[in-house]
Amino acid sequence: MTATALAYAASNGTDGHHRALARVEPRIINGEEAMPFKYSFMAALVSAERNGNAPEPVVSGLFCGGALIGPKAVLTAAHCVRGTPAGDVFVAVHRHDLSKPANEDRECSKTIAVEKIYSHPSYNTNTYSNDFALLVLKEAAPCAVVGGKTELANMYSGPDRTTENLDVTATGWGNTCNNFICSIFPRLPSKLQEVEVTTLIQSDCSRAFRGTDSGIDSSMICAAKPGKDTCQGDSGGPLFALYQGMYQLVGVTSWGYGCASDTPGVYSRVSAIASLRLPSVIAGLVGYPTAK
């Protein structure tokens, strides 16, 4: 059995996030609807088209999730945008119910075009190592900072060892059904879902994939709970914990074998990019150090 990345095909293509499913891209299994706008840093990567002079693009499909980490910066999975021009990607921010027009979901809900895509320089398309990408939006998310309050996700600030055996939450609009039929005809919710899982000790994470064709490296972290998982359409979305009174990112939804199966879900470990030197053009957007 092959592992599968957790993006959902928004079209019938076979490249990048549109490739056929084998290593299954995550969706929320046995979770529940999130309280509207509780996780207001949550973003949806969507396909959309401009409609004349209409203020909002017309959204035609969700394919991944992401986390708003700066007013114009979204952290997602590299496999979600592999081979995809920035001009083909839009991000829906400050959303809960994707079935509604943006201006009916929340006053500051908006669908924003992507200006630049920066994938991790060491992203491996075969192993999903360093499965990170940063999207730079053409304009700032309207409610990213309001009245001195921020609606952005924070990067995890605790010691890396404290991310093991940690109760965490994953969110997304991905498939909520995990049988074979649903892998072909996904059951995608319109309202944001959440699920609580627990991170694994790294040795247990590696042991879970022995005998498979997939390996676990230091850029990955596993999380699981019986019957609960992420799945198709949830790729790129945040895995986060409430730490020091703030929601802090621990991981980015990446891949797994099926959904809520005998193996845990695999996430890109956010601490793996803490020392990454980013181009100065975007470093200021997310508070990372600039490249030398």
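The values are calculated or read from the model by the stated rules, or taken from the named source; none is laboratory data. If you're wondering where the values come from, they're calculated on a predicted model, not measured in any experiment. Cβ coordinates were reconstructed from backbone atoms using ideal geometry, including for glycine residues, and neighbour counts include every protein chain displayed.
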Determine whether region 139-148 contains at least one residue that is surrounded by 21 or more Cβ atoms within 10 Å (Cβ to Cβ), closer than 30 Å to Asp213 by Cα and not assigned by TED's automatic domain parsing to the domain that holds Ser219. no
Do the conditions hold for Ser190, that is, is it in contact with a strand residue (DSSP E or B) (Cβ under 9 Å, 6 or more places away or on another chain), modelled with pLDDT of 80 or more, surrounded by fewer than 19 Cβ atoms within 10 Å (Cβ to Cβ) and closer than 30 Å to Asp105 by Cβ? yes
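Here's the yes/no breakdown for (1) more than 26 Å from Lys225 (Cα to Cα); (2) polar (S, T, N, Q); (3) in a strand (DSSP E or B); (4) in contact (Cβ under 8 Å) with a residue 40 or more places away in the chain:
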| site | (1), (2), (3), (4) |
| --- | --- |
| Ala113 | yes, no, yes, yes |
| Tyr128 | no, no, no, yes |
| Leu134 | yes, no, yes, yes |
| Pro142 | yes, no, no, yes |
All conditions in (1) hydroxyl-bearing (Ser, Thr, Tyr); (2) buried (at least 19 other Cβ atoms within 10 Å of the Cβ); (3) within 25 Å of Tyr118 (Cα to Cα) are true of Thr199 except (3)
Quick check, is Asp213 farther than 20 Å from Ile69 by Cβ and at pLDDT below 90? yes
What are the residues in region 48-89 that are within 14 Å of the chain's Cα centre (by Cα) and in a strand (DSSP E or B), if any? Leu62, Phe63, Cys64, Gly65, Gly66, Ala67, Leu68, Ile69, Ala73, Val74, Leu75, Thr76
